[in-house]
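Peer 1: Structure in C-alpha cells, see below.
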Amino acid sequence: MSQPPNQGYPPEFRPPVPYGGYSGQPMGYGRPSDPPTQVLPYHGAPLPPPFAPAAARPTPQPPPRPGGVTVAATMAVTASMQWLVVLSFAWLVAAVGADQLDTSDQVQGAFFHIMNRFHLRMIEGLAWPLYGFPLAATVVGLMVLARRAAHRIAFSVAGLAALVWSAWWLHQDLRWWVPLAGYVGLCLLLVWTPAATRWYDWRPQHG
C-alpha cells in the first residue's frame, strides 16, 4: 500500500495570498490592495520651462574691409613718412653744410646760395605746410581704416587741400605737380569705390 507523500514529515504551512494577487506592500490577509500606480513614458518633445529665456539672436557682423581702403591708407602713411624723413635730412644738410662751403669757389658758391635759400625759406614759414600736410596725411591715413564716414571725409579733405596748395606752390613748373596729383588722386579714388562706400555705410539691422 502507498503512503501519503507527507507521512513522516511535519505539515508545510504557507500564508494565504492577499486579495488581488498583489503582495508588494504588507497588508492584512483578505484585504484588497490598491492597484500600483504606473507612470507611463512620455515620448513627445520635452516641454520648455515656463519662464525659459528666449534664444539669443546672432549679432550681425559687418562686411570685411575692402582691400582698396587698406591700400590707400598704406600709401598715404608710407609716402608721408618717407617725405618727412627726406625733408628733415635735406634741411639738416642745408643748415649745416652751407657753412662748410667756400663761397669764393664758383661751384661751391652756387651750392651755398641754393642751400642757404632753402634754409631761409623753411625758417620763414615754408616748413609749416611741408611738415603739416604729411603729418595730417599720416593721422587721417590711420583713421580711415576705421569704419566711420567722417574719417573718410577727413581723408579726402586732407588730400584735396594738399593738391590745391602744392599746385599753387609749383605753379611755375607743374611737371613736378603731376606725379603728386596722380598719387594722391589714386588714394582718394580707392576710398570712394562702391565696395568702400558699402563698407562705410553699413549699419546693423535690428529686427
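Peer 1: If a paramagnetic tag sat 7 Å from the Cα of ARG147 along the Cα-Cβ line, which residues of region 183-206 would have the backbone N under 18 Å from that point?
Peer 2: 191-206
Peer 1: List the relative contact order of region 67-200 as a percent without decimals, with contacts defined as Cα pairs under 8 Å and 6+ residues apart.
Peer 2: Here the relative contact order equals 34 percent.
Peer 1: If I stretch the segment between VAL164 and LEU186 completely, what's the gain in nm (0.36 nm per residue apart, minus their alpha carbon distance), one decimal?
Peer 2: Values: separation 22, 0.36 × 22 = 7.92 nm, distance 1.56 nm.
Extra length available between VAL164 and LEU186 comes to 6.4 nm.
Peer 1: At a Förster distance of 22 Å, what's the computed FRET efficiency of TRP177 paired with TRP83, Cβ-Cβ distance as r, to 0.05? Intermediate values should be presented prior to the final figure.
Peer 2: Values: r = 15 Å, r/R0 = 0.67.
Plugging the Cβ-Cβ distance into 1/(1 + (r/R0)^6) gives 0.90.
Peer 1: Okay, moving on. Per residue of region 62-71, in order, report the coupling 6.51 cos²θ - 1.76 cosθ + 1.60 (Karplus, θ = phi - 60°) as ³J(HN,Hα) in whole Hz, putting x for Gly and Pro.
Peer 2: So the Karplus estimates, Gly and Pro as x, are x, x, x, 5, x, x, x, 5, 5, 5 Hz.
Peer 1: For region 157-201 and region 59-108, what is the separation of their C-alpha centers, rounded to whole Å?
Peer 2: 16 Å
Peer 1: Each residue of region 83-95 in turn: what ³J(HN,Hα) in whole Hz from Karplus with 6.51, -1.76, 1.60 and θ = phi - 60°, glycine and Pro shown as x?
Peer 2: 5, 5, 5, 5, 5, 5, 5, 5, 5, 5, 5, 5, 6
Only the coordinates and a few stated rules stand behind these numbers; no lab work does. Since we're looking at a predicted model, the values are computed, not measured. All Cβ positions, glycine included, derive from the backbone under ideal geometry; neighbour counts span all protein chains shown.
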